[in-house]
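First up is the structure itself, then whatever we jot down about it.
Please treat every number below as a calculation from the coordinates, not as lab data. Every value quoted in this text rests on a predicted model; they were computed, and no experiment measured them. In this analysis, Cβ positions are derived from the backbone assuming ideal geometry, glycine residues included, and neighbour counts consider all displayed protein chains.
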Amino acid sequence: MEKDKVLSGVIQEIVSLNDNTLVIEKVVNYALTISGADCAVFFSVGRTGKNLKLEYSRGFSERYLNRLRSVANYSYITNLFKQNSPVIINDLNNQFRRQNDKKILNILNEKNIRGIITCPIKNAEYNMGLLNLYFKRKIKINENKFQTIDLLTRFTAISLYNNSLLNESKDLVDRLSIINNINRKLAKTINLNKLLRTIYMELSRIVSLNNFYIATYNHDNDTITFLYETYNGKKIRKFTRKFQNGLTEYIIFTKKPFICNSNLEKELDERGIGVFGAVSKSYLGIPLIASNRVIGVLSIQDYQHENAYPKKIVKLITPLIPTISSHVNNALLYEKVNYLASHDELTGAYNFRYFYNYIGNLSKHYIKNENKFSLMLLDLDNFKDVNDNYGHLQGNIILKEYVDLLTKIARTGKKVFRYGGDEFLIIIRKDKIYASKVADKILKTVREYNFNKNIRLTCSIGISEFPTDADKIDDLIKITDQNMYRAKAMGKDNYFTGE
């Protein structure tokens, strides 16, 4: 967990830096630390892919790097950028002979280089650089460290791309002190809720935001989430809906701003856009685009006045959109990283790593205050038959339904954790007597529930109590597991508390 905090801190720092030199220096030094490499080099790459510029290095002289750069094989570099993640090269002889790069091989051999991790720094639009980590031994790196390097390079690309956007729009925003102020404030946070609030407050200085929303589009499940919305000056709770035929969808589909200062209803009708709710007198909607992909829409509406958004307002807001898009996209990515650090991606339950940390802290608190809590281990009965008869895709759908069902039953204060496969854990902050009542409710609810394709299932539950049954977490889990198997031996669709 401490490593996750360090990584989150590094990511937050690099995406908030507006100086590419500082970003690259931070990334190289952190990559060296986590990989254990002996040397590292960061080259920026021209958009043609044939311009290598040394930006930062550790462990090599500049003279040596100039020699290395002078014999660079650009076709090989082009192939590297076709990769979506870092590449580990342990067999230099084979790799560089295949590329006819004997000069490169000789130069690397001079420094006793035996392995390279090469990390393309790229986004959807263009290639930005290469981070090479050099080892004087065969590379042995575990999956977690490799994924950390991959994640680091992705956020490096985001940061460098954001800085390029800021540089390109600098001529526009320098003349507008209010826009400069907004840019500075947005860069100070990567927390999504704080960021949205900042966007709303700062744009309010330019134009009335009585009716305003920022909506994001999820390409995976075709939904739109209205993250921040005000109606008649009052903030509305966040909500999600399926992709429809509305104006927001039209802007997402066309990737173009939509501005209408009169006769909006007629305009919608002529374009075949559906009407959902009241129609405003004036409407301004701009797509939020990051890495050439629409991530959402920023919109302002006026229900009382026509011509509410003249050109001067549009000119003030438009230069801000790339910056807002980038920061919203970063915040969404950061939120997803934090979510995946504690949740199971398939079911949405908390993962076992988070469980272990959570129950460890909970046990210390309960020991100190001489309290008890219960641990439940739930296993679906005969779930293998579902996978065998209906396929693993159907099995995954049922697991998601099962977790949603458990979450509704458990409610506040009773978290659901995935233990593995179709086994889940629930912590209940009361004794086994109370936990048994919850188990009864779970068994009944699962038994009577129609899962997808009208599949009926039951589950078996093992229950233990802390510290009565065990005052060490591993022992508590072991006892709970044994009790679950006793529940199965009793005929399934049952629970056992060890009594």
Please compute the modelled spin-label separation between residue 437 and residue 293, points set 7 Å along Cα→Cβ, answer in nm with one decimal.
4.8
Simple spin-label model, 7 Å along Cα-to-Cβ: residue 356 to residue 254 in nm?
5.3
Between residue 97 and residue 197, take the C-beta separation as r, use R0 = 60 Å, and let me know the FRET efficiency to the nearest 0.05.
0.55
Could you tell me which helices of the chain pass both thresholds, a Cα extent of 18 Å or more along their own axis and a mean Kyte-Doolittle hydropathy of at least 0.0, with helices taken as whole DSSP H runs?
2-16, 20-35, 321-342, 392-410
Place a +1 charge on the Cβ of each Lys and Arg in the range 352-496 and a -1 charge on the Cβ of each Asp and Glu, then give the dipole magnitude about the Cα centre in debye, rounded to the nearest 20.
480
Taking a ≥ b ≥ c as the square roots of the Cα gyration tensor eigenvalues, with a/c under 1.5 meaning rounded and otherwise prolate when a/b beats b/c or oblate if not, the range 169-338 comes out oblate
Interchain or sequence-distant (5+) residues whose placed amide H lies within less than 5 Å of the amide H of residue 470 are 465
Full extension between residue 63 and residue 369 adds, at 0.36 nm per residue less the Cα distance, a length in nm of 103.7 nm
Where does each of 233-240, 110-117 land if you order them by average Cβ count within 10 Å, highest first?
110-117, 233-240
Normalised by the residues of the chain, what does the relative contact order come to in percent, with Cα pairs under 8 Å and at least six apart?
9
Quick check on packing: order 266-277, 251-262 by the mean number of other C-beta atoms within 10 Å, highest mean leading.
251-262, 266-277
Cα-Cα over 29 Å, subset of 82/400; 415/472; 430/472; 336/444; 256/281; 145/185:
82/400; 336/444; 145/185
How far apart, in nm, are the 7 Å Cα→Cβ label points at residue 471 and residue 315?
7.5
Cα-based Rg (one decimal) and Dmax (whole number) for the range 360-478, in Å?
15.3, 50
May I ask you to order 82-88, 492-498, 17-23 by the average number of other C-beta atoms within 10 Å around their residues, highest value first?
492-498, 17-23, 82-88
Which whole-Hz ³J(HN,Hα) couplings does the range 450-466 yield from phi under the Karplus relation 6.51 cos²θ - 1.76 cosθ + 1.60, θ = phi - 60°, glycine and proline marked x?
8, 6, 3, 6, 6, 7, 10, 9, 10, 9, 10, 10, x, 10, 9, 10, 9
Built amide H within the under 5 Å cut-off of residue 458, gap 5+:
381
Cα gyration tensor category, rounded, prolate or oblate, for the chain with a/c compared to 1.5:
oblate
What is the set of long-range amide H partners of residue 295 at a cut-off below 5 Å, with H atoms built 1.01 Å from backbone N?
288, 289, 290
Return the sequence-ordered ³J(HN,Hα) values of the range 310-320 in whole Hz as given by the Karplus equation 6.51 cos²θ - 1.76 cosθ + 1.60 applied to θ = phi - 60°, using x for Gly and Pro.
x, 4, 5, 5, 4, 5, 6, 7, 3, x, 7
Rounded FRET efficiency, nearest 0.05, which uses the C-beta distance separating residue 261 from residue 70 and R0 of 51 Å:
0.30
Mind giving me the FRET efficiency for residue 304 and residue 126? R0 is 35 Å, r the Cβ-Cβ distance, nearest 0.05 is fine.
0.20
